[in-house]
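The values are calculated or read from the model by the stated rules, or taken from the named source; none is laboratory data. Since the structure is predicted, the reported quantities are computational estimates derived from the model, not experimental observations. When we count neighbours, we look across all protein chains shown, and the Cβ atoms used for this are built from the backbone with ideal geometry, even at glycine. Ligands, DNA and RNA are stripped out before the accessible areas are found, and what is left, the full protein with its side chains, is counted by its heavy atoms. Shrake-Rupley method; radii C 1.70, N 1.55, O 1.52, S 1.80 Å.
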Amino acid sequence: MSTNTRESGFEELFTQSLVEKNGFVQKFYNAEHSGDYDRKECIDTEVFWDFVERTQPKEAEKLRVNYGESYKVKFLQRLQKEIIEKGIIHVMRKGVKDRDAHVMVFFFEPNSALNPDLEIRWQSNTFSVTRQLFFSLQNNKSIDMVILINGLPIVTLELKNLLTGQNVKDAIEQYKTDRSSREELFRFERCLVHFAVDTELVYMTTRLEDTKTWFLPFNK
């Protein structure tokens, strides 16, 4: 069997490692799942509501009582307002309060296994990875890979394969010149980190500022 030496081959290996070794769910936003990812709100609505209704049915029911059939739309508006105002880290830590409901969007790993309920909550998180995510409302540009937690994007990656003649510097340049910080996905504190990656080196930044963006080496 021939080896895929293109950039897509690097993506496949990266994704395979996350899925097989770390239990990530692989999502394809193609015709079958085209409505799952909301480009405007930057969220996989299917994964998010599956997580909330599976882990916090009482809070989901409060939202239904408060808003009726439009509870999903209303709560997502509230969620996005919190992320924009306070950042994704705050929302992951504190959750979102909406009237009498308090919805957690992520459960952190417990410090010990002494409390089985906390362990169950941690295991209930859905980590997912997607390739070639179409992120813009203005065009059909896509980013190589995005990692999401419970439907919320937290990591973006631009990958370059040295065998194609490109390296991590090209990935950095792509972030600086072709990934506008005005796009919601790349707005500060929407994601935790952005990685430029090739088969040898990794660089990262937590803030995209177009040509002013500063990347730091991540290799350890």
Quiz item: If you take just the strands (runs of 3 or more DSSP E) that sit entirely in region 113-175, which of them hold at least 1 residues that are closer than 18 Å to Thr206 by Cβ and at pLDDT 90 or above?
Solution: 142-149, 152-160
Quiz prompt | The lone exception for Glu200 - which of (1) surrounded by 14 or more Cβ atoms within 10 Å (Cβ to Cβ); (2) assigned to a loop (DSSP other than H, G, I, E, B) it fails | solution = (1)
Quiz item: Under 7 Å by Cβ, and 6 or more places apart or on different chains, what pairs join a residue from region 179-195 that is free of Cβ contacts under 8 Å to residues at least 60 places away in the same chain and open to solvent by less than 30 Å² (accessible area, probe 1.4 Å) with one that is aromatic (Phe, Trp, Tyr) and outside any loop (DSSP other than H, G, I, E, B)?
Solution: Arg179/Phe186; His194/Tyr175
Self-check item: Elements of type helices (runs of 4 or more DSSP H) in region 35-104, at least 2 residues being of a type in the set (Asp, Glu)
Solution: 45-55, 57-67, 71-86
Self-check item: Failed criterion for Arg121 (all others in (1) open to solvent by 20 Å² or more (accessible area, probe 1.4 Å); (2) touching a Phe, Trp or Tyr at 6+ places or on another chain (Cβ under 9 Å); (3) without any contact (Cβ under 8 Å) to a residue 60 or more places away in the chain hold)
Solution: (3)
Self-check item: Options Asp44, Asp36: the member that is without any contact (Cβ under 8 Å) to a residue 60 or more places away in the chain, of a type outside the set (S, T, N, Q) and open to solvent by less than 50 Å² (accessible area, probe 1.4 Å)
Solution: Asp36
